[in-house]
1. Do you know which residues across the stretch 86-115 are open to solvent by 80 Å² or more (accessible area, probe 1.4 Å) and either among the charged types (D, E, K, R) or over 22 Å from the mean Cα position of the chain (by Cα) (or both)?
2. From the list 11, 34, 20, exactly one residue is surrounded by fewer than 16 Cβ atoms within 10 Å (Cβ to Cβ) and in contact with a Gly (Cβ under 7 Å, 6 or more places away or on another chain). Which is it?
3. Pairs under 9 Å by beta carbon, first residue free of Cβ contacts under 8 Å to residues at least 60 places away in the same chain in the stretch 78-91, partner among the charged types (D, E, K, R) and open to solvent by 100 Å² or more (accessible area, probe 1.4 Å), six or more apart or different chains?
4. Inspect all residues belonging to the stretch 85-94 and state whether any of them is touching a Leu at 6+ places or on another chain (Cβ under 8 Å) and over 30 Å from residue 194 (Cβ atoms).
5. When both residues are 6+ apart or on different chains and their Cβ atoms are under 6 Å apart, which pairs have a first residue that lies in the stretch 256-270 and is in contact (Cβ under 8 Å) with a residue 24 or more places away in the chain, and a second that is part of a helix (DSSP H, G or I) and charged (D, E, K, R)?
6. Can you find a residue that is buried (at least 17 other Cβ atoms within 10 Å of the Cβ), of a type in the set (Asp, Glu) and within 19 Å of the chain's Cα centre (by Cα) anywhere in the stretch 135-142?
7. Check every one of the helices (runs of 4 or more DSSP H) wholly within the stretch 158-250 and list those with 1 or more residues that are open to solvent by 20 Å² or more (accessible area, probe 1.4 Å) and modelled with pLDDT of 90 or more.
8. Within the stretch 116-125, take every residue that is over 30 Å from the mean Cα position of the chain (by Cα) and open to solvent by 100 Å² or more (accessible area, probe 1.4 Å) and give me the one that is nearest to residue 49 (Cα to Cα).
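The values are calculated or read from the model by the stated rules, or taken from the named source; none is laboratory data. It should be emphasised that the depicted structure is a prediction, and the values quoted were computed from it without experimental measurement. Glycine also receives a Cβ, built like all others from the backbone with ideal geometry; neighbour counts cover every protein chain displayed. Note: areas computed on protein heavy atoms with side chains; ligands, DNA, RNA excluded. Shrake-Rupley method; radii C 1.70, N 1.55, O 1.52, S 1.80 Å.
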Amino acid sequence: MPRRGERSPKLIPGDRTDPLGFPILVEEFLEAQLIRGYSEKTVENRRYNLTYLVLWLQDRGITRPGEVTKPVLDRYQRAVFHHRKPDGTPLSFRSQVQRLTPVRALFKWLARENRILYNPASELELPKAERRLPAAVLSQAEAEQILAVPDLADPLGLRDRAMLELFYATGLRRSELTHLRVFDLDVERLTLAVRQGKGRKDRMIPTGERAAAWAARYLNDARPKLALEPDDGVLFLTVDGTIFSPDRLTGLVADYVRRSGVGKPGACHLFRHYVDGWVMWPAAMFPLLGLALGPVSVT
């Protein structure tokens, strides 16, 4: 049984028959978020973080949003600041912001919909999130060491090399890579269309010659051996001919990182480039900046 507040149940806890209680009103708020176009992942993250608030309030005898005052939320913010994870470490300021942002959104919506008389979170100030470099960043030599691990004699190894090359060249998020379609890749123009990426925004990004060449080799030599009829056009397919789940992709990449011997923890995010908390130009952009990459080779 998890400790109270350490893990979020699937449903907001409380009396689900009380029309003015947290369970019903929070669910209405989350449904309104979906209607406004927020992604399911964003809404589930908000549900997860609001559960901490509801559990904390229940411990203090508060079961309805209308009973919450500004001093109560100030105390909750202090509790979030002083909270310690199971390993004894505090929440980062970024995690505190993630915990408190849904609280402000919930009470703003409740006040706008006249479910409460006033918004007690209107003056709730969020912590200033620090910007840190990730714990592990790959050098070019280490990236090449990982890229060399897949067995190119195996169609799956060729697929994996193409995925790793695209990760390194473009800085794609894992969910973006798993949802790529064959027609999203333009090998001739060296571009990749990312549809409904972070923030549900479409964008075009350069792939670079090398990553495009590996992707083309995968399309010609490996994907036909993995695709099943009817083919729905997903670019990278599992051994079963299905789309990758994000967790399955993470496990695959993490295994290559481990087998490479670079000695750094992590998986897909290792192939993104950071400076002062911001994503740098991906490798595919270097030629556009007048910098030279190594020779293009897919042998």
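1. Those that are open to solvent by 80 Å² or more (accessible area, probe 1.4 Å) and either among the charged types (D, E, K, R) or over 22 Å from the mean Cα position of the chain (by Cα) (or both): 86, 87, 94, 104, 108, 112, 113, 114, 115.
2. Just a single option satisfies the conditions, and that option is 20.
3. Cβ pairs passing all conditions: 90/84; 91/84.
4. yes
5. 262/142; 268/174
6. No, because not a single residue in the stretch 135-142 is buried (at least 17 other Cβ atoms within 10 Å of the Cβ), of a type in the set (Asp, Glu) and within 19 Å of the chain's Cα centre (by Cα).
7. Helices (runs of 4 or more DSSP H) meeting the threshold: 209-221, 223-226.
8. So, considering only residues that are over 30 Å from the mean Cα position of the chain (by Cα) and open to solvent by 100 Å² or more (accessible area, probe 1.4 Å), the one nearest to residue 49 (Cα to Cα) is 118.
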